[in-house]
Amino acid sequence: MQILRYLFIILTTLILFPQSGRAYLKTQGREIVDSNGEKILLRGFGLGGWLVQEGYQLRIPGFGSPSSIRNMIVDLIGQENADQFYQQYIKNYVTEEDIQEIASWGVNSIRLPFNYRMLTPEDQPGVYLEEGFQIIDRLLEWCEKNKLYLILDMHCAPGGQNKDNISDADGIEARLWTNPVNQDRTVEIWHKIAERYATEEWIGGYDLLNEPVLPPGYSNRDLRALYMRITQAIREVDNNHIVFIEGNWYATDFNLLTPPFDVNMVYSFHKYWNENSQSSIQKYLTIRSQTNCPLWLGESGENSNTWFYECVQLMERNNIGWNWWTHKKIETTTSPYSAPIIAHYQRVLDYWNGQASKPTTEYATAALLLMADNLRLEKCDFRPDVLEALLRSDFGVRPTPYKSHRLPGTIHCVDYDFGNVGVSYSDTDYQNTHGLGSGDVWNRGGKYRNDGVDIEISNDAKGAPYNVGYIETGEWLLFTVIVEDSGEYSIDFRVASIGSSGKLQLYLNNQQLTSTIPVPNTGGWKSWQTISTVENICIPAGMHALKLVFVHGGFNINLLQFHLKSAPVREGYHFDQVTDTVFLAQNYPNPFNQTTQIPVFLLTPQQVNLKIFNLNGALVKNIFDGLLETGFNTIPWDGTNRYDQNVGSGFYLYQFSVNGAQLTKTMILQK
């Protein structure tokens, strides 16, 4: 009997996985492997919002299902204009450039949510839409070019696998379960999909139903039965690809879905708004242990960068692949790309929100087409902090610069370093672990970055465009800075407050740099005022960790400005003062053969002039007359006169002039 059992297993394997030489993903025990048996840990992004729109992704109010959104648009601009809008929307939301960009992040897979209505008309069973399949074909071609596995996800099944907007149901009942005809049709659609893509190597697998929620009176036995029917239909035409099985109750309940019913099967769970502890996934690990089947976190996201980082690290410690929701949305901080809301589209949103009169058909059509145009990757805002959290393994222990900060100069407070809470910043609220609708907000301003730091639009014409707000006692921000020149600095802070209890301090490399600086009552949260350090602060040249500590909260801040007040100290140079804000050093090299550099340091931008004279006082050449920027500058002289002829060896004078002041130094040209 044991021999017969082994023969059966071998025969089954040969039937299901014919030796075609193609590089399909498949399962091997608890692992997903490629055709060479090499382990593949799926890491990727979902294309949510593209073929399945949700209201929150487009900032549209109401029920927010794809069909209800389409109905709102048709009601506003008519069927013909709506068709034109959706053509542009689908064309721009995901392009080949999007796929190239995702691949450049170093991931290996994409999950495609699709609506069954894209492939077959709702009221015409058995009829299939070639244009819908061509969208998948085109995406698959881009994925193949960029070596990304494409996982097809039926996000909206006939009747709705749950009653919610995410499955494009009617909001009343999950009719996939209450109407058996819908189950028959779901099976037929998957058979058609598998038939078309059976031999496509870069299809990573089939995610059969997204987040099913069975209504009262139905159990996971019904879910298992449908999964088995779908899988059997797929295996009639496709023995190559993985089937991904999601649990009941939004892919979290796998009761009765074990033991596995296919040899090439993965259990796919979703994880949102809970703790990133080992116990939070233990039930899934137990399933893997008992069934010897791989696990996949098929969807997660919509939280802070801290939560993102800790979730991904939890998955990878437990050898679980993941797919993040989602690569792009409108006006978001939680995705790598954010499409802007333009004024015209906001006018349409205001109408839908009951805050404005109905726009004309012409205006609304133009507004929606502009919105679709702004979905193109090059018009979106990039959110690098999201990728840092997801893809940098030391995000939780090491800060890295968000932007280059060189002093003297200006630092926008929202440009603190990349890194986890406690690494690059400290904030009281930094993640949601209590569930959807819990009221947990990790960024109470909701702008610019996805960390716990509360960021708002500043409305400060003289300051930075964004400010840090909702500041609480003990919070802090860390900046990697490069100090160009040692010296004494004064520091300005741009603040706003309705009280006078706020206090702040600066630390350099964990050493206190300033005394405690009080923040005055400026008369309002957006009434901005500049305050300055009383004493000049000595800061050495080099790279430093600058920490802005909020000793006592209750104010807003948007920038810091560092002004060098004394002559710079730079190794290898001696600067002489020309004016209070301009300093001139000896040329180098000196003596020189043909070319030399003349160093100038400015505390503020200035119009300057630099001339070369011979020892007889005759003008040789006017080598610079114009604006020099703040900081260290060098002006070259190539040893030529005003006619661009080489001059002879000897002593020359360079005369530097600024605001009526002059300083002259001697140099030697030696050939």
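Highest-first packing order for the peptide set 125-131, 536-542, 158-164 is 158-164, 536-542, 125-131, based on the mean count of other beta carbon atoms within 10 Å. Helix 2-16 and the longest principal axis of the Cα set of the chain meet at an angle near 60°.
If packing is taken as the average count of other Cβ atoms within 10 Å, what order do 349-359, 459-469 fall into, highest mean first? Each step should come with its number before you reach the end.
Working: 349-359: 13.2, 459-469: 19.0.
In decreasing order of mean packing, 349-359, 459-469 become 459-469, 349-359.
Alpha carbon centre of segment 320-389 versus segment 34-63: separation in Å? What the calculation gives is 17 Å, centre to centre.
In deg cm²/dmol and to the nearest 500, what is the mean residue ellipticity at 222 nm of the chain if only DSSP H runs of at least 4 residues count, each as -39500 (n - 2.57), divided by the residue total? Numbers along the way, then the final one.
Numbers: 15 runs with 167 residues, N = 671.
After summing the helix terms and dividing by the residues of the chain, the value is -7500 deg cm²/dmol.
Cα centroids of segment 441-489 and segment 564-626: 37 Å apart. Each other residue within a Cβ distance under 13 Å of residue 53 adds +1 if Lys or Arg and -1 if Asp or Glu, for a net charge of +3. Rg/Rh for segment 503-646 stands at 1.14; both radii use Cα atoms, and Rh follows the Kirkwood definition.
Based on every Cα atom in the chain, Rg and the maximum pairwise Cα distance Dmax equal 32.0, 112 Å. Centre-to-centre, using Cα atoms only, segment 227-288 and segment 112-147 are separated by 24 Å.
Over 18 Å apart at the Cα level, from the set 447/547; 621/665; 26/283; 163/283; 526/547; 192/328, are 447/547; 26/283; 163/283; 526/547; 192/328. Just so you know, the Cα atoms of segment 2-388 work out to an Rg and Dmax of 20.9, 77 Å.
Computed from Cα atoms, the angle from the helix 130-145 axis to the main principal axis of the chain rounds to 50 degrees. Using Cβ point charges alone (K and R +1, D and E -1), the dipole size of segment 2-388 about the Cα centre works out to roughly 920 debye.
Can you tell me the 0 to 90 degree angle between the C-alpha axis of helix 79-93 and the longest principal axis of the chain, rounded to 10? Long axis of 79-93 versus the principal axis of the chain: about 60 degrees. Enclosing the Cα atoms of segment 262-339 in their convex hull gives a volume equal to 91 cubic angstrom per residue. Note on segment 398-564: Cα convex hull, mean projected area over all directions, 9.4 nm².
Read the figures in this text as sums done on the coordinates, not as results from a lab. Being a predicted model, the structure only gives us computed values, none of them experimental. For neighbour counting, all protein chains shown are included, and Cβ atoms are generated from backbone atoms with ideal geometry for every residue, glycine included.
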